[in-house]
């Protein structure tokens with residue numbers, strides 16, 4: 001038996017064990033989740049759509065299967081959410097934009113939604129995103145601002161900010177995120193949750209993201225084991241994704257109860273990033289803990305210059321393509337910041353775009369060589385703590401774009417490597433800090449092993465109710 005006292009504290013792994021023993025029903029759990037969403041979502045705006053009727057019907061069907069001893073899949077009866085960029089049958093996918101219609105029809109599941117449903121997950125609703133997922137905080141013209149459960153005055157990050165806020169409060173247990181520049185890892189760091197951007201192509205994506213080769217889909221949860229459970233169900237081929245890779249042939253988690261022999265490179269600042277002193281201290285402490293677990297740690301930078309110009313060329317061009325599909329009237333409804341970068345993207349020449357692709361290829365080669373010497377690279381997930389909600393950059397700073405405060409995340413979208421954020425402590429103000437763990441392409445098990453062992457030996461604390469700021 002678990003020693004946790006309320007349904008809202010339980011992980012997916014714990015729930016499934018209770019279902020199997022018939023000690024808890026998926027109906028009970030789903031009703032509890034729906035009640036807590038009704039209670040807490042107004043404070044944080046994690047969900048932009050809740051499908052109470054559909055969730056209850058799915059929970060009743062799951063309960064029947066468990067009573068018969070015949071669950072349909074590995075997630076049967078686990079309340080879960082899908083990000084509002086991902087098509088989900090029976091639910092609107094508005095992408096946070098007034099340019100989309102509420103009419104539907106909503107008849108098609110994207111691969112992620114289909115795989116979750118096939119595994120038996122109870123899909124309770126859609127989580128909030130910035131418009132078309134374009135930035136590292138979550139607010140949009142259609143649904144408003146998503147707030148941080150640790151202090152509702154602050155941002156939850158983005159673009160998967162709704163999923164992160166939901167995970168932090170366990171408003172549903174398993175949550176889908178997407179990450180084209182840090183959009184899983186940023187909100188996980190800000191909200192004290194775990195999330196991984198798997199190697200590009202392991203989790204299929206359809207319809208294709210406007211950011212194409214930058215965009216990864218992945219899980220966001222309270223625990224590493226719950227994310228692994230999700231990956232087991234959603235990391236499989238789908239013929240609709242022309243960029244997806246082959247199915248993974250090795251386990252997501254490697255064996256072992258320590259990190260002996262693991263070669264860890266620790267870069268405190270990449271040699272060019274200004275990091276908040278409290279974050280630097282907490283991440284430094286986390287790295288010392290990795291050494292206590294047996295890792296061979298060396299302080300070393302990966303040795304590249306800030307690739308923000310490469311990233312921006314690809315990112316802005318994607319934004320231009322996205323808005324180029326809209327009418328002039330629709331474009332006037334779009335977030336002004338997205339309009340601005342799309343305008344920049346429209347001015348990028350074919351030569352500039354191909355030069356960015358060549359520079360990206362050189363960065364991939366550099367990191368491939370780096371990981372011949374080191375199994376994982378660890379850094380802060382972010383150089384700063386969560387700031388006031390409703391702003392793209394910290395108020396009072398001289399920063400112009402959200403990419404300026406996310407320097408540790410977007411390089412590894414360019415290289416398509418697996419990367420995760422795991423909680424590693426709290427600032428004096430009680431705000432979460434994330435440890436960023438990166439491995440070579442296709443070495444996702446290294447990332448997950450480091451995060452799981454860190455979480456097991458140095459567990460974080462979680463919220464039950466939001467802290468009203």
#### Entry: Fraction in percent of alpha-carbon pairs per bin - 10 Å, segment 314-469
9, 27, 31, 25, 9, 0
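Where does each of 340, 131 land when they are ranked from fewest to most other beta-carbon atoms within 10 angstrom? Please list the in-between numbers first.
Details: 340 14, 131 26.
Neighbour counts put them in this order, fewest first: 340, 131.
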### Message
Just to be sure I understand the model, the point goes 7 Å from the Cα along the line to the Cβ. What's the resulting residue 13 to residue 238 distance in nm?
### Response
2.7 nm
### Task
Determine, from the Cβ-Cβ distance of residue 257 and residue 23 and an R0 of 30 Å, the FRET efficiency 1/(1 + (r/R0)^6), rounded to the nearest 0.05.
0.60
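Wrap a convex hull around the Cα atoms of the chain, take a quarter of its surface area, and give that in square nanometres. Don't skip to the answer; put the middle values down first.
Details: hull surface 82.4 nm².
Result: 20.6 nm².
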### Task
Describe numerically, in nm with one decimal, the distance between label points set 7 Å from Cα along Cα→Cβ at residue 369 and at residue 208.
3.1 nm
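Can you work out the FRET efficiency for the pair residue 52 and residue 106, with r the C-beta to C-beta distance and R0 = 25 Å, to the nearest 0.05? Mind dumping the intermediate values first?
Details: r = 16 Å, r/R0 = 0.63.
That gives a FRET efficiency of 0.95.
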### Query
Just the projected area, averaged over all directions, of the convex hull on the alpha carbon atoms of segment 346-417: how many nm²?
6.8 nm²
### Message
Is the C-alpha gyration tensor of segment 385-469 telling us rounded, prolate or oblate? Criteria: a/c under 1.5 is rounded; beyond that, a/b larger than b/c is prolate, otherwise oblate.
### Response
oblate
### Query
Percent of alpha carbon pairs in segment 190-238 separated by more than 18 Å?
33 percent
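So what are segment 1-137's ellipsoid semi-axes, whole angstrom, largest first, if each one is the square root of 5 times an eigenvalue of the alpha-carbon gyration tensor? Write down the numbers at each step before the final one.
Numbers: eigenvalues 154, 59, 29 Å².
In descending order the semi-axes read 28, 17, 12 Å.
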## Note on the structure
Cα-based Rg and Dmax for segment 57-153, in Å, come out at 15.7, 47
### Query
Using the per-residue mean of other Cβ atoms lying within 10 Å as a proxy for protection, in what order, highest first, do the peptides 324-334, 300-310 fall?
300-310, 324-334
### Task
Could you work out the relative contact order of the chain, using alpha carbon pairs under 8 angstrom and six or more residues apart, expressed as a whole percent?
18 percent
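Mind checking the full-extension length gain between residue 70 and residue 5? Use 0.36 nm per residue of separation minus the Cα-Cα distance, one decimal, nm. Walk me through the intermediate numbers first.
Values: separation 65, 0.36 × 65 = 23.40 nm, distance 2.72 nm.
That works out to 20.7 nm of additional length.
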#### Entry: Taking only Cα atoms of segment 184-304, radius of gyration then Dmax in Å
17.0, 47
### Task
Arrange the following residues from fewest to most other Cβ atoms within 10 Å of their Cβ: 272, 410.
272, 410
### Task
State the Cα centre-to-centre distance between segment 80-119 and segment 307-348 in whole Å.
23 Å
#### Entry: Alpha carbon centroid spacing (whole Å) that separates segment 361-381 from segment 382-442
18 Å
### Task
Return 146, 5, 93, 379 ranked ascending by Cβ neighbour count within 10 Å, so the fewest neighbours appear first.
5, 93, 379, 146
### Message
Testing the spin-label approximation: label points 7 Å from Cα along Cα→Cβ at residue 461 and residue 250. State their distance in nm.
### Response
3.8 nm
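Of all the Cα-Cα pairs you can form in segment 101-169, what percent are over 14 Å apart?
Here the tail beyond 14 Å accounts for 65 percent of pairs.
None of the figures in this text is laboratory data; all of them are computed from the coordinates on show. Here the structure is a predicted model, which means the values were calculated and not measured. Heads up, the Cβs are rebuilt from the backbone with ideal geometry, glycines too, and the neighbour counts pull from every protein chain shown.
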